[in-house]
Amino acid sequence: MKSITRRSNAPVFWGLFGAGGMLAALFGPVLVFITGIAVPLGIILPADAMSWPRMQAFAQHWAGKGLLFLVVALFMWHAMHRILHSLHDLGVRAGTAMQFACYGVALLVTILATWALMALGF
Amino acid sequence: MAETTGNGKVVRIEVLRYRPEQDEEPFLQGYDVPFTDDMSVLQGLQYIKDWLDGTLSFRWSCRMAICGSCGMMIDGEPRLACKTFLRDFPAGTVRVEALAHFPIERDLVIRMDDFLAKLERIKPYIIPKEARTLAQGEYLQTPAELDVYEQFSSCINCLLCYAACPQYGLNPEFVGPGIMALLHRYNADSRDGAAAERMEIAGSEAGVFNCTAVGYCSEVCPKHVDPANAVNQNKTRAAGDYFLRFITPKGGAR
Ligand code: SF4
Ligand code: FES
């Protein structure tokens, strides 16, 4: 039983998972409603609410950028942690390889989101 | 108890048998047991041993949900045999098996070496914060200080929560719900001073982060200990320790 004497690094991922979960609970449903129902169907919100110029302006403002970054990155860390542990429950052991794969995807998406947001300029 | 036919009711008890010296693998054996409404599953097993088949092995002692010896899977659920009644199986059959997730020693008796080894590691006793001489008198505690840990001190080491925990089933290195409840019981005691040492175990790779918040452990606990709550409180604390060690001089585990 070596594992009982080794400090776990889980708090890092658990923290990101928790933060992403909180954000998902607060913003997830309303985001699905806005982007998936309200805007495409033109109910409540005008159909051009998410037009290119508007969204570009949103993503170029520092606050919009920050919000987009948090929503994309933290949702991703939350999701990959969940997937890792759900696969573990289904018999795919959450060993080092699986941790690299799952958290690696989250890290990759975080980097891509940073790059895309920066590329859009201010 | 004499061989009575009670009020004429009979229940079929299917028992998972395994005698390592003669059985290749565990198998179910059925017994028809006459019972009365006040009989527990444990009494049913005792009837079998006394009157039908003396070779059956199972653990028990107090027959009143205090000693924690009689934990077993009853119709697939981890329960105390002395706290489960035969009258509650109206279909007329009940399946009794050794506690899940543990190696079987013989019939319904499991090996609890793993649990005992872990129990020893958390130092399940008060390690006084400050030494007091006899002349200084006892270590006093307010009712509010008692409230913080009292619930967690009701654990009877019955292991039902381990049989309920899917994560312990998948990774037996996980210290598990019962041990975490006991760890918390001592850490939360105002007289104790060894929390930092015990937190090394809570925050280890075998510790609290193996839990995925299933919560079944607390549902099956016969003493309402709520081990899931102990695990969750210590997730927050272990995470705090993890990050705080970077800003406080003396760190915990390596
Ligand atoms: S926490 Fe409850 S279920 Fe678990 S060993 Fe203690 S008494 Fe039994
Ligand atoms: S015999 Fe003691 S708890 Fe059941």
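The values are calculated or read from the model by the stated rules, or taken from the named source; none is laboratory data. The structure displayed is predicted, hence computed values, not measured ones. Methodologically, a virtual Cβ is constructed for each residue, glycine included, from the backbone with ideal geometry; neighbour enumeration extends over all protein chains shown. Accessible surface areas use protein heavy atoms only, side chains included; no ligands, DNA or RNA. Shrake-Rupley method; radii C 1.70, N 1.55, O 1.52, S 1.80 Å.
Taking the convex hull of the alpha carbon positions in the protein assembly as shown and averaging its projected area over all directions gives 28.8 nm². Largest GNM mean-square fluctuation among A:I111, A:I34, A:I44, using chain A with Cα springs under 10 Å: A:I44. The alpha carbons of the stretch B:120-166 occupy a box of 49, 26, 14 Å along the principal axes, longest dimension given first.
Roughly how big is chain B's charge dipole about its Cα centre, with Cβ charges of +1 (Lys, Arg) and -1 (Asp, Glu), in debye to the nearest 20? Show your work: numbers first, answer last.
Numbers: 27 positive and 34 negative charges, 144 e Å.
So the magnitude is around 700 debye.
Converting the Cα gyration tensor eigenvalues of the stretch B:34-114 into ellipsoid dimensions via √(5λ) gives semi-axes, longest first, of 20, 14, 13 Å. Over all directions, the projected convex hull of the C-alpha atoms in the stretch A:1-112 averages 9.3 nm² in area.
Show that you can apply the helix-only estimate: for chain B, add -39,500 (n - 2.57) for every DSSP H stretch of four or more residues, divide by all residues, and state [θ] at 222 nm to the nearest 500.
Values: 9 runs with 76 residues, N = 254.
Result for chain B: -8000 deg cm²/dmol, rounded to the nearest 500.
The residue list B:L108, B:C62, B:Y125 was ranked by how far each Cα lies along the charge dipole of chain B toward its positive end, using unit charges on Cβ atoms, and B:Y125 comes out on top. Annotation: amide H of B:R17 within the under-5 Å range of B:F27, B:L28, B:Q29, sequence separation 5 or more or interchain, hydrogens built in the peptide plane.
Would you please calculate the Kirkwood hydrodynamic radius of the stretch A:47-119 over all C-alpha pairs and express it in Å, rounded to one decimal?
Details: mean 1/r = 0.0726 Å⁻¹.
Mean inverse Cα-Cα distance, inverted, gives 13.8 Å.
Can you work out the FRET efficiency for the pair A:L87 and B:Q141, with r the C-beta to C-beta distance and R0 = 41 Å, to the nearest 0.05? Efficiency at R0 = 41 Å is approximately 0.35. In this simple spin-label approximation, B:A196 and A:Q99 carry label points 7 Å from Cα along the Cα→Cβ vector, and these lie 2.5 nm apart.
Relative contact order, whole percent, for the stretch B:3-110 stands at 31, derived from Cα pairs under 8 Å and 6 or more residues apart. Working from the Cα coordinates of the stretch B:167-254, the gyration tensor eigenvalues give, after taking √(5λ), semi-axes of 23, 15, 10 Å in decreasing order. Backbone phi angles across the stretch A:62-73, fed through the Karplus curve with coefficients 6.51, -1.76 and 1.60 (θ = phi - 60°), yield HN-Hα couplings of 4, 5, x, 4, x, 5, 4, 4, 5, 5, 5, 5 Hz in residue order; Gly and Pro are listed as x. Among B:S153, B:V225, B:Y242, flag the residue with its Cα farthest along the positive direction of the charge dipole of chain B, charges on Cβ as +1 for Lys/Arg and -1 for Asp/Glu. Working it through, the farthest residue towards the positive pole turns out to be B:Y242.
On a per residue basis, chain B carries 50 Å² of accessible surface, using protein heavy atoms and a 1.4 Å probe.
GNM on chain B, alpha-carbon springs under 10 angstrom: the most fluctuating residue among B:I66, B:I156, B:I127 is B:I127.
How large is the dipole of the stretch B:1-125 about the Cα centre if only Lys and Arg carry +1 and Asp and Glu carry -1, each at its Cβ, rounded to the nearest 20 debye? Kindly include the intermediate steps, with their values, before the conclusion.
Numbers: 16 positive and 20 negative charges, 102 e Å.
With only Lys, Arg, Asp and Glu charged at Cβ, the dipole is about 480 debye.
Radius of gyration (Cα atoms) of the stretch B:64-166, expressed as a multiple of 2.2 N^0.38 Å: 1.48.
In chain B, a dipole from Cβ-located charges (positive for Lys and Arg, negative for Asp and Glu) runs towards its positive end, and of B:Q141, B:G8, B:G92 it is B:Q141 whose Cα lies farthest in that direction. With a 10 Å cut-off around each Cβ of A:6-17, the average count of Cβ atoms from other chains is 6.
State the Kirkwood hydrodynamic radius of chain B in Å, one decimal place, computed from all pairs of distinct Cα atoms. Hydrodynamic radius (Kirkwood, Cα pairs) of chain B is 20.2 Å.
With Rh defined as the Kirkwood radius, the inverse of the mean 1/r over Cα pairs, the Rg/Rh of the stretch B:113-244 is 0.99. Taking chain B as a Gaussian network of alpha-carbon nodes connected by springs under 10 Å, the highest mean-square fluctuation of the residues B:P124, B:P227, B:P90 belongs to B:P90. Rounded to the nearest 20 debye, the dipole size of chain A about its Cα centre is 480 debye, using +1 on the Cβ of Lys and Arg and -1 on the Cβ of Asp and Glu.
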